[in-house]
1. Using the per-residue mean of other Cβ atoms lying within 10 Å as a proxy for protection, in what order, highest first, do the peptides 180-193, 131-144 fall?
2. So if each residue of separation counts as 0.36 nm, and I subtract the Cα-Cα distance between residue 183 and residue 129, what length gain in nm does that give?
3. Which part of the stretch 67-90 falls in the paramagnetic zone of residue 21, meaning amide N under 15 Å from the point 7 Å along Cα-to-beta-carbon?
4. Excluding same-chain residues fewer than 8 positions from residue 163, which lysines have a Cα within less than 21 Å of its Cα?
5. So what's the net charge close to residue 172: Lys and Arg +1, Asp and Glu -1, counting the other residues with Cβ under 14 Å from its Cβ?
6. Using only alpha carbon pairs under 8 Å that are at least six residues apart, calculate the relative contact order of the stretch 148-198 and give it in whole percent.
7. Treating only the Cβ of Lys, Arg, Asp and Glu as charged (+1, +1, -1, -1), what charge dipole size does the chain show about its Cα centre? Round to the nearest 20 debye.
8. Could you point to the residue in 194, 84, 108 farthest towards the positive end of the stretch 19-197's charge dipole, with +1 and -1 charges on the Cβ of Lys/Arg and Asp/Glu respectively?
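A short reminder: the numbers here are calculations on the coordinates, not readings from a lab. Small disclaimer: the values here were computed from a predicted structure and weren't measured. Positions of Cβ are backbone-derived with ideal geometry, glycine not excepted, and every protein chain shown enters the neighbour counts.
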Amino acid sequence: MIMESPHGMNYQINNSVFDQFPVLQSERLLFRSFEPTDAPDLMKLRSNPQVMEFVDSVYITSEKEAFEKILRLLNDFTDREGINWVIADKNTHQFMGYIGFWRLIKEHVRAEIGYALSPEFWGQGYMYEAAVTILNFGFKKFALHSVEANVNIDNQRSISLLKKLGFVKEAHFRENYLFKCKFLDSIIFSLLETDFNQ
């Protein structure tokens, strides 16, 4: 969908990035598409209590569930509704986690970012490196205007990362999310293209 500004400029997501999966690299990391063989690693990650502590979603407890999740992520790319990368070690290709624009708001040229990293790689700057790479792609290749992140209010590690990246708190929604019979608060952070360039 193309939106036209009052000044006559057209704003739209660059859909050509969906023509072929964009494999990316950073100094230490490789960003590739999910594969069905990633199911055991994804299950291990999404069933880890440390990883899932502030992820308000159900655990993935079997390789079958992980495989089905991977198929949904691959379909999102095929349907041009999201891009999700495996984060892997550039040299060993070891599965480390994932990151991506899992939800697109095309009419507003905006995407929501999501990510997770195995605890053995925490505290080494990997997620910051991954996020900078993906955001750079998002703004310069994907032509996003803004990126949002929805964070559990107790997830201080993720909040610190977002602030370091330049994200700004936009909203605090009180008890707006029902999970396991409990209403939870959410914090929304956002990053504009102009913020990232600065």
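1. 131-144, 180-193
2. The span from residue 183 to residue 129 would gain 16.1 nm if fully extended.
3. In the stretch 67-90, the label zone of residue 21 (backbone N under 15 Å from the point 7 Å along Cα→Cβ) covers 67-89.
4. Cross-link targets: 140.
5. Its environment carries a net charge of -3.
6. Relative contact order of the stretch 148-198: 44 percent.
7. For this selection, approximately 200 debye.
8. Of 194, 84, 108, it is 194.
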